[in-house]
Amino acid sequence: MHAARSPAAAPLGGCARRRAPRSRPQAPTALANTFGQLFRVTTFGESHGGGVGCVVDGVPPRLRLAASDLQAELDRRRPGQSRITTPRSEEDTCEILSGAWRYRAWRCGAACALPSHTPKACPRTA
């Protein structure tokens, strides 16, 4: 009687090769909307819907956190400020929903929202 050979011991040209496992079709993955290491920022919302916002985890307690500080940065990126940008006039207003009390960060994640003043219907179809 011959000793049975294991597939790993078969010669390269032998017939006892192991088949490569079939790859299954992968389900499509959603795009990530969380970024960062030290501060973890998760975005939400739609610009053509009710608005956009974010939750920032990792903000140290008692750090100064005021909507006016964020608003200054939003005003810098507002469209319609020069001839090379879009002529749309959109005023983004920042609201801090949670995570701040008396202009200081609290012990939880800070949530900010920018509500859309004129929600538009989405031109894309499902």
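Any read-out appearing in this document is the output of simple, stated calculations on the displayed coordinates, not a laboratory observation. All of these numbers come straight from a predicted model, not from anything done at the bench. We place every Cβ from the backbone using ideal geometry, glycine too, and count neighbours over all the protein chains shown.
Could you calculate the contour length gain from ARG102 to ARG24, that is, 0.36 nm times the residue separation minus the distance between their Cα atoms, to one decimal place in nm?
Between ARG102 and ARG24, full extension yields an extra 22.7 nm.
Report the label-to-label distance for LEU38 and ALA72 in nanometres (one decimal), using points 7 Å from each Cα along the Cα→Cβ vector.
For LEU38 paired with ALA72, the spin-label model returns 1.9 nm.
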